[in-house]
Amino acid sequence: DSAIRIRGLTKTYAGSKKAPPKEALKGIDLDIPRGTMFGLLGPNGAGKSTLINILAGVVKKTSGEVSIWGRDIDTRPRDARAALGVVPQEIVADVFFTPRESLEVQAGFYGVPADERRSDALLAALGLSDKANAYVRALSGGMKRRLMVAKALVHAPPVLILDEPTAGVDVELRRQLWEYVRRLNAEGVTILLTTHYLEEAQELCDTIAIVNRGQVVACEPTPQLLRRL
Ligand code: ADP
Ligand code: ADP
């Protein structure tokens, strides 16, 4: 069974008086095997975020089938979402919380029982123990981003999605994030990441799908793909 299975996925954003409708995804077929580190590579506007937002359940698809960990997003949306952790592109700062509170609230959303919570372990793994009880608004951008990774993992999902994880991130933090994501993958978490940097996909991913204008134009093991570029 695939970690993520996508068949004939389309998305057309409704137009407005000013803008015509936009066909962002034009029939995507994709199988992401369990345990892989899979990269969606493509230029801005290719449709990567749309695809991820459909998986995350925040954008409605127009047509097609999607299942996550064998759970169809139409018939088992809750189970599908439970299998997924998503690190969004933008930093969403919880200004009134500390990192520990933020993780506890997130665990509550997912119904993680108190004795299975692992806030401290996640804070430690992401180098945030010292700031566990500081206000999130006082953290650096890099710390906020690491907190967002921790939040995506509170319910121990088998699949982690990262949308442009290192966009606008300095070299040091990029290395830290890469290293952590690699470790997660080595522990068995299936990773799907989007990027518009070939270097990032090449460095991290064992398989790369290239998306352009709403279509998958190539999908191959990384070494094979690089030989053709
Ligand atoms: P990427 O993440 O690869 O940069 P997106 O999925 O953000 O691509 O965008 C794909 C296309 O859909 C782009 O042409 C973009 O302008 C358009 N688009 C994205 N979101 C919306 C929206 N909410 N309404 C209308 N068009 C959108
Ligand atoms: P169902 O699919 O049965 O409606 P959901 O998975 O949507 O159940 O979860 C129930 C509620 O929890 C929804 O209102 C949803 O928006 C909210 N929820 C689920 N996951 C999160 C999350 N990560 N952050 C915030 N709210 C969430």
For region 180-193, in residue order, the Karplus 3J(HN,Hα) values (coefficients 6.51, -1.76, 1.60; θ = phi - 60°; whole Hz; Gly and Pro = x) are 5, 5, 4, 4, 4, 4, 5, 7, x, 6, 6, 10, 10, 10
Inter-part gap, Cα centre of region 87-152 to Cα centre of region 54-75, in whole angstrom, is 27
Applied in sequence order to region 195-202, the curve 6.51 cos²θ - 1.76 cosθ + 1.60 (Karplus, θ = phi - 60°) yields integer Hz couplings, x standing for Gly and Pro, of 7, 10, 9, 4, 4, 5, 4, 5
With the 8 Å Cα cutoff and a minimum separation of six or more residues, the chain has a relative contact order in percent of 28
Note to self: with every protein chain in place and a 1.4 Å probe, region 1-118 gives an accessible area per residue in Å² of 54
Rounded to the nearest 5, the percent of antiparallel DSSP beta bridges in region 162-227 equals 75
Between the modelled labels at GLU187 and GLU23 (7 Å from Cα along Cα→Cβ) the distance in nm is 4.3
If each part is reduced to its alpha-carbon centroid, region 180-217 and region 155-176 end up apart, in Å, by 11
Sequence order, region 67-81: Karplus ³J(HN,Hα) from phi using 6.51 cos²θ - 1.76 cosθ + 1.60, θ = phi - 60°, Hz rounded, Gly and Pro as x, gives 10, 10, 6, x, 10, 5, 6, 7, 8, 9, x, 5, 5, 4, 5
Percent antiparallel among DSSP beta bridges confined to the chain, rounded to 5, stands at 55
Two pseudo-spin positions, 7 Å from Cα along C-beta at GLN224 and at ALA14, lie apart in nanometres by 4.2
Checking rank on 141-147, 178-184, with mean other Cβ inside 10 Å and highest first, the result is 141-147, 178-184
Quick calc: nm separation of the 7 Å Cα→Cβ label points for LYS60 and VAL105 -> 2.8
Non-local residues with an amide H under 5 Å from the amide H of VAL87, with H modelled 1.01 Å from N and Pro and chain starts lacking one, are ILE161, LEU162, ASP163
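Taking the solvent-accessible surface of protein heavy atoms with a 1.4 Å probe, what is the per residue accessible area of region 125-229 in Å²?
It amounts to 46 Å² per residue over region 125-229.
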Given 221-227, 78-84, the highest-first ranking by average Cβ count within 10 Å works out to 78-84, 221-227
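For the chain, with all protein chains present and a 1.4 Å probe, just round the carbon and sulfur fraction of the accessible area to a whole percent.
Whole-percent figure for carbon plus sulfur exposure: 50.
The values are calculated or read from the model by the stated rules, or taken from the named source; none is laboratory data. Values in this document were obtained by computation on a predicted structure and should not be read as measured data. As a convention, Cβ positions derive from the backbone with ideal geometry for all residues, glycine included, and neighbour counts pool all protein chains shown. Surface areas here come from the heavy atoms of the whole protein model, side chains and all, with no ligands, DNA or RNA. Shrake-Rupley method; radii C 1.70, N 1.55, O 1.52, S 1.80 Å.
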